[in-house]
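See structure below.
The values are calculated or read from the model by the stated rules, or taken from the named source; none is laboratory data. Everything numeric in this text was worked out from a predicted model, so none of it was measured. In this analysis, Cβ positions are derived from the backbone assuming ideal geometry, glycine residues included, and neighbour counts consider all displayed protein chains.
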Amino acid sequence: MPEVASGYVGLLLIADGLGDRPVPELDGQTPLEAANIPTLDRLAREGECGLLDPVAPGVRGGSDTSHLSLLGYDPYQVYPGRGPFEAMGIGLEVQPGDVAFRANFATVDGPMKTILDRRAGRSDLGTRELAAAVDGVQIEDVICRFKESTVHRAALVLHGPGLGDQVTDPDPHENGLPLLEARPRNPQDAASAKTARIVNAFLRLAFERWQHHPVNERRRALGIPVANLPLPRGPGRSPHLEPFQQKWGLSAACIVEVGLVKGLGRYLGMEVIEVPGSTAGLDTDTQAIGGAVIEAAGRHPFVLCNVKGPDVAAHDHNAPGKVAIIEKIDAMAAQIVTALGDRLILAVTGDHTTACTYGDHTGEPCPILFWGPTVRTDSVQRFGERPCAAGAVGRIRGTDVLRIMTSYMNVQEKFGA
Ligand SMILES: [Zn+2]
């Protein structure tokens, strides 16, 4: 689709893991219902509300599959597995034909037989130097790119001809179990057999270079488990996704606190903006994020913003923490609405429900509100799971959101005559 312009700026504001279940500690309210959110309540009153199934009713979406869906890409058609997104999120390029894995720095015993600690003490001490010691090695005709991520995490990208992604994990997924050989799922699959061979050789090479690496001598001296083995898992090929601008006719910026979603934004050709003070935790600087959104809206007609805190709090069973970060997001919404005013077409929702009582993602829908000068109103007076269930938007799916927003922005091509 060619670039379209209407003067409006679409902002899709995702409070990560926004939806929740009633929490006994909050007198049976959800964190969103319990929060003091005067701005989001006003936007709900002035706009149109509903419930959103990020992927489909009852599906416990991940942040990656849900964001794909919310940007209009059906994850059942295009989701490549976590590996490619993880890799792209930390700045490794993933090209068509590459196979990418998530990985851990792990501790294996001397003969490289038994996994002692799959996360190498959850310490990032020296992981950058260790990654640099193996990054770029060539095995057969394949270049192995390896880069550290946060704490004990990393990513591995294999770049070369004739690679398949149907390989089993060398990761036994539990401490004290033997390291496994990567194998093709189907012995006839020569491309995946090649990938398995490269992975196994890469693990041996990394073990040899890391076992007596100065970083690990330092870790031994400090009593930290050595990081002497990369443990890759979750392989996937690079996805074939239509760039966002081509799909929707809108250039876009991406201001998000989830590495996987940064990777997705980069892959879709969005401008990925890093915000100092954005920590992906409850202490994140929402005012700085709001400022970055306002600034990006001067350059792009569409902005995706994700604040991770609500999900982090809910994973920790921390309902008061989730209430507090939702209140910070409310203040950020006020800041953005004040600055952008009548130019703004806003959608506020979550990428999935993360229930404080359960400590993980669950399949209930998230509340959603649309607000802007072209948006109709309904009778909903407050932003929350229960009030939004009565809204005029009804119950929609993630893949509906961009269609609804581009219609409100008057930039959607007509379907038919
Ligand atoms: Zn999420």
Check your understanding: Restricting the first residue to region 345-358 and requiring it to be farther than 20 Å from Ala319 by Cα, which pairs with a second residue that is small (Gly, Ala, Ser) and within 13 Å of the ligand (Cβ to nearest atom) meet a Cβ separation below 6 Å and a spacing of at least six or different chains?
Key -> none
**Study point:** Residue check, Gly7 within 17 Å of Cys366 (Cβ to Cβ) and more than 16 Å from the ligand (Cβ to nearest atom)
**Key:** no
Review point. So is Ala339 part of a helix (DSSP H, G or I), at pLDDT 95 or above and within 16 Å of the ligand (Cβ to nearest atom) or not?
Key: no
Point to revise | Positions within region 211-237 being of a type outside the set (Val, Ile, Thr) and more than 30 Å from the chain's Cα centre (by Cα), in sequence order | key: Gln211, His212, His213, Pro214, Asn216, Glu217, Arg218, Arg219, Arg220, Ala221, Leu222, Gly223
Review point. Restricting to region 149-164, what's the tally of residues that are assigned to a loop (DSSP other than H, G, I, E, B) and over 23 Å from the mean Cα position of the chain (by Cα)?
Key: 5
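The rows are residues; the columns are (1) under 21 Å from the mean Cα position of the chain (by Cα); (2) modelled with pLDDT of 95 or more; (3) not in a strand (DSSP E or B).
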| site | (1), (2), (3) |
| --- | --- |
| Met88 | yes, no, yes |
| Gln95 | yes, no, yes |
| Pro111 | no, no, yes |
| Leu125 | no, yes, yes |
| Leu130 | no, yes, yes |
| Ala133 | no, yes, yes |
| Ile143 | no, yes, no |
| Lys147 | yes, yes, no |
Check your understanding: Pro387 is checked against (1) surrounded by fewer than 23 Cβ atoms within 10 Å (Cβ to Cβ); (2) within 29 Å of Gln245 (Cα to Cα) and fails just one. What number does that condition carry?
Key -> (2)
Exercise for review: Report yes if Ile336 is surrounded by 23 or more Cβ atoms within 10 Å (Cβ to Cβ) and touching a Pro at 6+ places or on another chain (Cβ under 9 Å), otherwise no.
Suggested key: no
